[in-house]
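Below: the structure, in structure tokens.
Laboratory data are not the source of any read-out in this text; all were calculated from the coordinates shown. It should be emphasised that the depicted structure is a prediction, and the values quoted were computed from it without experimental measurement.
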Amino acid sequence: MRRKLSISEAVRRVLSNHPSLLDCIKLGVVNYSSLARVIVNEVKELGNFNKVSVNAVKMGIVRFSESLKSRKLMEDTIKELISRSTVELQTDLKLITLRRETLMIKLNELMHILMRARFFQLTQGTKTFTLVVSEDVCDDVLRLFDKNAVEDVINDQSAIILISPKDIISVPGVISYITSLLSWYGVNITQIISCYVDTILVLNRSDALKAYSLIEELILQLRRIKT
């Protein structure tokens, strides 16, 4: 039997599903009464309550806002880490998705080709491998496999590479911070790859310069704030 939620817990879950509201609460720019009126019906539906007062929801928001104070300190840690990162851009890439069993058979031959590539990343999924590869060896890669082995090919891709301090491994929220920025400006990410301290964002060529500029400006801005 599912545990019945308290109003405070229902408020927390509703707010957690709205990152923009969380940011406003952390910044202290929210009128709690107005916000309570906005989310009261959602809280009522989530908790399956017969009746929920706006005042009860407001008190839940106040309690939840207190718990967010410690998270604001974590945001400062994220910003400090990003300020110590650098960003690079790789262009003229393709994204090739291959059936897992066919790639494994020709793995040695594939690696010989990839060693000549200007750039490549190989990621294993449950049924497929996805290869992000520079166009200088792309034709050789595709010639290695039958058409039935190739699930998909996405052309005109670029990669934004965020190179961070080792702390990124233990600091939660860094990738979310970056992807939220890009999402706000309408940048779609084809694939995200993590490789030790490198975070690789694969995206369409048409968005590459915009995304690079946004991340570079963020890094520079955070560095200026530090000084």
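In the chain, the DSSP-assigned H stretches of four residues or longer account for a calculated mean residue ellipticity at 222 nm of -16500 deg cm²/dmol, using -39500 (n - 2.57) per stretch and the full residue count as denominator. Normalised by the number of residues in region 56-190, the mean separation of alpha-carbon contacts (under 8 Å, six or more apart) gives a relative contact order of 35 percent. Tell me whether region 44-104 comes out rounded, prolate or oblate; compute the Cα gyration tensor, take square roots of the eigenvalues as a ≥ b ≥ c, and use a/c under 1.5 as the rounded threshold. Judged from the Cα gyration tensor, region 44-104 comes out oblate (a/c at least 1.5, b/c at or above a/b). Our Cα-only numbers for region 30-147 put the radius of gyration and Dmax at 25.9, 67 Å.
Each listed q (0.16, 0.18, 0.29 Å⁻¹) maps to a log10 I(q)/I(0) for region 7-67, found by the Debye formula over equal Cα scatterers with no solvent: -0.40, -0.51, -1.36. Spread over its residues, the convex hull of the C-alpha atoms of the chain is 176 Å³ per residue. Taking square-rooted eigenvalues a ≥ b ≥ c of the alpha carbon gyration tensor, is region 77-204 rounded, prolate or oblate, where a/c under 1.5 means rounded and, failing that, a/b exceeding b/c means prolate? It comes out prolate by the Cα gyration axes.
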